[in-house]
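The values are calculated or read from the model by the stated rules, or taken from the named source; none is laboratory data. Treat the numbers as computed from the prediction; the structure is a model and nothing was measured. So basically every Cβ, Gly included, is an ideal-geometry build from the backbone, and we count neighbours across all protein chains shown.
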Amino acid sequence: MQKIASFTVNHDILEKGMYISRIDGDIVTYDIRMKKPNGGDYMDNGEQHTLEHLLATYLRNSEYADSIIYVGPMGCRTGFYVLVRDTLSPRQTISLVYEAFRFAADFEGEIPGSKKEECGNYLEHNLPAAKHTAKDALKWLKTLTEHDLKYKE
């Protein structure tokens with residue numbers, strides 16, 4: 001079998017950041033890396049789950065909702081994949097992701113979609129940790145440019 005694209009990225013040098021992981025036709029996959037791979041600091045399941053609910057809710061309710069294909073966590077618990085249509089430019093996507101993380105960092109109240117009838121694991125959420133990780137991501141997201149979207153080699 002061929003090695004999938006995400007396994008060809010050198011995780012030894014991968015830093016926190018936002019990267020274009022792949023482009024498939026009109027779909028662009030962004031790698032939103034909030035934790036350094038193999039660094040010993042990973043999101044816990046509740047934190048990741050809460051971030052998924054907050055980010056997906058914000059992105060799918062934004063003015064670009066029709067361009068959002070998927071928002072989901074990485075199994076390694078170091079980040080998220082966000083898939084968008086290429087109708088969104090890289091600059092627009094950076095801005096949108098920044099605003100989604102700002103929404104998560106400032107969020108107060110009941111987590112969207114966290115009731116038993118709405119969620120398959122409604123008891124496993126961690127809003128304080130999700131907010132902390134979102135605030136940390138905002139530090140590097142605020143200075144991110146289109147030139148930063150390429151993986152380092």
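Does Val82 satisfy the condition of being assigned to a strand (DSSP E or B) and either at pLDDT below 95 or more than 10 Å from the chain's Cα centre (by Cα) (or both)?
It is false that Val82 is assigned to a strand (DSSP E or B) and either at pLDDT below 95 or more than 10 Å from the chain's Cα centre (by Cα) (or both).
Restricting the search to region 53-79, which residues are assigned to a helix (DSSP H, G or I) and either buried (at least 19 other Cβ atoms within 10 Å of the Cβ) or polar (S, T, N, Q) (or both)?
His53, Leu54, Leu55, Ala56, Thr57, Tyr58, Leu59, Ser67
Can you name every residue in region 129-150 that is charged (D, E, K, R), farther than 10 Å from Phe101 by Cα, touching a residue at least 40 places away in the same chain (Cβ under 8 Å) and in a helix (DSSP H, G or I)?
Result: Glu146, Asp148.
Please work out if Asp12 is modelled with pLDDT of 95 or more, charged (D, E, K, R) and either buried (at least 19 other Cβ atoms within 10 Å of the Cβ) or assigned to a loop (DSSP other than H, G, I, E, B) (or both).
Judged against the criteria, Asp12 is not a match.
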